[in-house]
Structures are given as C-alpha cells and as structure tokens.
Amino acid sequence: MSTVPRFWRHIPQRYNLVGTHCKNCDEYYFPPRTICPTCRREARMEDHKFGGEGKVVTYTTIYNATDDFKRQTPYNLAIIELAEGPRLTGQVICSPSDIEIGMRVRPVFRILGRDGDRGIIYYGTKFVPA
Amino acid sequence: MRSVSIIGAGCTKFGERWDDSLRDLVVETGIMALEDANVSGEEIDGLYVGNMSGGQFVSQEHIGALISDCAGLSRLHVPSTRVEAACASGGLALRQGVLAVASGYSDVVIAAGVEKMTDVTGGVAADALAAAADREWECFFGATFPALYAMIARLHIHRYGTTREQLAAVAVKNHQNGCNNPISQYQMEITIDDVLRSPLVADPLRVLDCSPITDGAAAVVLAPTEMARKFSDGPIRILAAAQASDTLALHDRRDITTLDATVSASRKAFDMSGIEVKDVDLAEVHDAFTIGEIVAIEDLGFVEKGEGGRAVIEGVTAIGGDIPVNTSGGLKACGHPVGATGIKQAYEMVLQLRGEAGKRQVEGAEVGLTHNVAGAAGRR
Ligand SMILES: [Zn+2]
C-alpha cells in the first residue's frame, strides 16, 4: 500500500487532464512532459488543460486484471487520441460490444481504483462514448 | 573492439520449479555453463546477471552479489553486476558481457539470467510484470501487460486484416517446437481451436496467446574469439549485439503496431555484422504474446509489415520453412522466466549453430538472430 503523496501529486493531471504544450514546436503532451522530446534543450513548456474529447485508436476488454482492478472486470481499456494530438491510456465505460476503433469519446470523473483492500481509493478521468 | 565468442552455455529446465529456489536455479545453470566452457573460477573476470524483479518475486535484491556468492566466486571477489531491463534483462546482460570482452577490459565473462516467479500468487506476479509498463500512466488506469499487447493486436487486425487464427498459429507452432525441446515448460501440442477456446485474458488475446509464469535460469560464457579455441571446440561467434529503446508507454509510440526499438536495434546489428536479413538461417524472437512474434518478424525485416500473420499460418516460420522462428518453443511454450529469457535464446542458438538441437535442428544453420524485447535485440 502506498502513502497519500503518490496519489496527491498527480491530482491536477488526473482530475483535470492538465498536460503540457511546447511553445517552441507547438506540440501538446499528455501525460505531461517536462522535456519536449523534439526540442529538448530548446523546449519552452507551459501547462495546458485538455478538453478531453478524443477518439479510440485501439482498445481491449480486460477479463483478467491485477488484484487492484479485479472487481471491475470485464472493463474496456483504450488508447485515446485527444483533439490536440497526444495519446493516453484510459478506460472507456460502455458495453464491450459497443467499443470500436475510431469511436468518439468524452471524459468523465470516476473512481479509478483502490490501492489494495484497505488502501486509498483514488479518482481520475475515464471516458464514455461522446 | 575485439571479436567475442560464446564458449559455453547452460540452461535449467524451465517450468514451475516449486522445489527449487532462485539460488538453486543459478547454481544449476552456472555449473552447466562452466563445465561446457571448461573454465575454472580463477579464469572468470566478471559476471553479468539479468534479473527483472527479485525484489517482487522473492523479496531479494542485490542479485549480483548473491549469484557470485552462490556460484562459489565470493573468495575470488569477481565483479558481479545485475542488469535490469524488464523482460529484456537477460538480453542486456549478454550485451553488457559482450561489451566487457570486446573492449578488452575482461577476457572470460559469464552472462546469466534468472527469474523465480512461482513463489508468489498469480495476481502478485501480474502486478510485478506490469511494472515493465508505465506504472503512473498505464497501470494506474487498469492496464495489464496482456492488455497492452491486446491493443497492438486489435490495431494490427484492424489495419492489416490479421486473423485470430493467424495469431493462434504462433502458439500452435511454438508448442510443436517445445515438444522437441527437453527444457521446455510445455511438452504438449495444441490446436488452433484450443487457442480460440481458451479463456479471454484481454480481448482479443486468450490464455493460450500468452507466455506462462516460469522459473528458470540460463548462462553463457564469453571470451575473445582469439582465445575461444583454447576452451571450446565449437565456439559461436557473436557478430553483433545491438540495443535500442523507445517510449515507456505504448500510447506514446510513433506507431502502435511497430516496435521502433526492434527496427532500430536490428538495423544497427545488421550494419555491425555486415550481413543481411536474407543471410539469417533462424531466429529466436520475443513472443511473450502471439502478436509479439508477428510484429517481431515484420520489424526485424523477415516479412513485410502486415504480412506476419499470413507468414506464420503458411509455415514460413516453421522448422523447414524459409526462416524458422522460435525453435526452442519460444517464450510461449518453452516458458518465460523474464530475466533468463534473453540468455535462453542465446543458449538455443548455441545448440542450433553447433548442430546439437536434436529433433528441432535447423539443417545447415550458420547464422542466427535473437531478439529480446523490453528494448533489446542481439544477434550472432
Ligand atoms: Zn518542442
């Protein structure tokens, strides 16, 4: 089980989809990056709050999860491309038979998981069909 | 840089070795490799061991010192270094050993790998393996390792028309090969229907698309090629050992269905060795999941992008085909003790290139390639 700071420090990113934008090359990053891999030392990074609308690039439905996620199975996991370009991994709440590549999704605030049986319940962004 | 050869190799039986500890496995494989190389302790200049997660699997870190101690080398104070690169820890240990010998710093070096995975429950093992993915931005949202490969498979199917049967054909072939390998965890043939009827793990991947949880260890002994004949009648020359990396998270990759690290490392290895992909007689590739083998044979250049599934089901990668792949049974059937896998691949290649692979021997094999993922590709 983890201590509180492990979850606390990512609240802006996981609750509100705050990532980064490089002013030098105009590329957007989520999850946030401190160093732009294109510009490296020339990077000029600023925070950027993503709207969260995006589309499914690829997906799976998980039937066999780690202990922390067992009670949620089966659940859909997808790589989602946000409107600004970056891709992230997140759950899509819908029937496994309804999810498909190219599907439009929007973000919702949900419980993500539990750190063990008696640990912290943590929250963040999941997605639903738009 | 000096040319480097493998002068000896050993590998334990892979499987659920409930009676044996990590230490037992290390000692077993170490003795085999040193006897094969005809090397004494005084001659060993260094030791590299691939181990992904002793901490999580057996609550033991400091594996470098542990294996040097277990191998009886403590009084010689042989430098021993643990190498960690998730499932490619073994491949990287081998490459570190090659660098040490090639540079002239060391003469005789052992490159080993070990993982003891069955001392913990399945859920703990799955979580330990998930640590190879991005814990904060993949696993935190419920990703598992099979799920990441399932997403590669889903897009490969969507884009290239790869079929479920073609994925299953990888497992069927590798189980056939495993039946002819005495160290293989599984010694049973399976059918495409068996794979398609096995329980879903992460759609479209099923239980029989996934490599198992395995205990095992492997070791090879390296020496400068100019000294190799002093120890061995059949040294195997390492023509190149290359390594590359990519983003940690799958979602950040340039292309979800290509492992650019494989493309980059194999290009480097072909450049260094001066041979071409058509010169390769056989390959051991990283089939942690069936889709992994399909993507690997594409990214290594054996087949065009998108053609991997068809190649497997048409027998191109079977023993007797154009490019036999995973004659050992691969990770799928032979087993995948993560830290040991890269060294086991080298062990299989040593047997094949010496002509000692028995019923699974590839006739006339002269050039082999091994490919260990999480970021490594070595070849000889
Ligand atoms: Zn930039």
Förster radius 41 Å - calculated FRET efficiency between B:ASP119 and B:GLU314 (Cβ-Cβ, nearest 0.05): 0.50
Set of lysines near A:LYS23 by C-alpha distance (under 29 Å), chain-local residues within fewer than 8 positions excluded: A:LYS49, A:LYS55, A:LYS126
Percent of C-alpha pairs per 10 Å bin, the range A:4-129, short to long: 13, 37, 34, 14, 2
Orphan Cys of chain A, criterion: no other Cys C-beta under 4.7 Å: A:CYS25, A:CYS94
Cβ-placed point charges (K, R +1; D, E -1), dipole of the range A:4-129 about Cα centre in debye, nearest 20: 320
Interchain or long-range residues, amide H under 5 Å from B:GLY15's placed H: B:ASP215
Percent antiparallel among DSSP beta bridges (both partners in chain B, rounded to 5): 65
By average C-beta atoms within 10 angstrom, highest first, the peptides B:73-85, A:4-16, B:27-39: B:27-39, B:73-85, A:4-16
Relative contact order of chain B, pairs being alpha-carbon contacts under 8 Å that are 6 or more residues apart, as %: 26
Dipole moment magnitude, nearest 20 debye, chain B about Cα centre, only Lys, Arg, Asp, Glu C-beta charged: 300
HN-Hα J in Hz across the range A:75-85 - Karplus 6.51, -1.76, 1.60, θ = phi - 60°, x for Gly and Pro: 9, 8, 10, 9, 9, 10, 9, 6, 4, 6, x
For chain B, Kirkwood radius (reciprocal of mean inverse C-alpha pair distance, Å): 20.2
Cα Rg, Dmax, the range B:109-249, angstrom units: 19.1, 55
Rounded FRET efficiency, nearest 0.05, which uses the C-beta distance separating A:THR34 from B:ASP69 and R0 of 51 Å: 0.80
Helix axis angle, B:260-273 relative to chain B longest principal axis, alpha carbon, degrees: 40
Residues of type lysines that B:LYS344 reaches as a straight line, Cα spacing below 17 Å, ignoring anything fewer than 8 places off in the same chain: B:LYS13, B:LYS116, B:LYS332
Cβ neighbours within 10 Å from other chains - mean over B:143-152: 6
Pairwise label distance in nanometres, A:TYR15 with B:GLU136, each label 7 Å out on the Cα-Cβ vector: 1.8
Amide H contacts of B:ALA202 (H built 1.01 Å from N, under 5 Å, at least 5 apart or other chain): A:TYR63
Additional length obtainable on full extension of the chain from B:LYS359 to B:VAL277, 0.36 nm per residue less Cα span: 27.0 nm
Integer Hz, Karplus 6.51/-1.76/1.60 couplings in order for the range B:117-130, x for Gly and Pro: 10, 9, 7, 10, 6, x, x, 5, 5, 4, 5, 4, 5, 5
For A:GLY113, distant residues with modelled amide H under 5 Å away: A:TYR122
Spatially proximal aspartates and glutamates relative to B:LYS305 (Cα-Cα < 13 Å; intrachain offsets below 8 disregarded): B:ASP255, B:ASP260, B:GLU293
Rg(Cα) / (2.2 N^0.38 Å) computed for the protein assembly as shown, rounded to two decimals: 0.97
Within 10 Å of each Cβ in A:87-97, the average number of Cβ atoms from other chains: 4
For the range A:20-35, Karplus couplings with θ = phi - 60° (6.51, -1.76, 1.60), whole Hz, Gly/Pro x: 10, 9, 8, 6, 6, 10, 6, 9, 9, 10, 9, x, x, 10, 7, 10
Which of B:ASN180, B:LEU167, B:PHE231, positive extreme of dipole for the range B:160-261 (C-beta unit charges): B:PHE231
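Tell me, what is the percent relative contact order of the range A:4-129, built from C-alpha pairs under 8 Å that lie six or more residues apart?
Computed over the range A:4-129, the figure is 22 percent.
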Extreme residue, positive dipole direction of chain B, given options B:VAL109, B:GLY90, B:GLY301 (C-beta unit charges): B:GLY301
Cα centroid separation, the range B:235-256 to the range B:137-181 (Å): 19
Distance in nm between pseudo-label sites at B:GLU366 and A:ASP47 (7 Å out along the Cβ direction from Cα): 6.4
Residue with peak Gaussian network fluctuation, chain B [Cα springs, cutoff 10 Å], from B:LYS332, B:LYS230, B:LYS305: B:LYS230
Gained length - B:ASP193 relative to B:ARG2, 0.36 nm times residue gap less alpha-carbon distance: 63.8 nm
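Rule-based calculations on the coordinates, nothing more; no lab input. Predicted model, so just to flag it, every value in this text is computed and none were measured. Quick reminder, even Gly has a Cβ in these numbers, built from the backbone with ideal geometry, and neighbours come from all protein chains shown.
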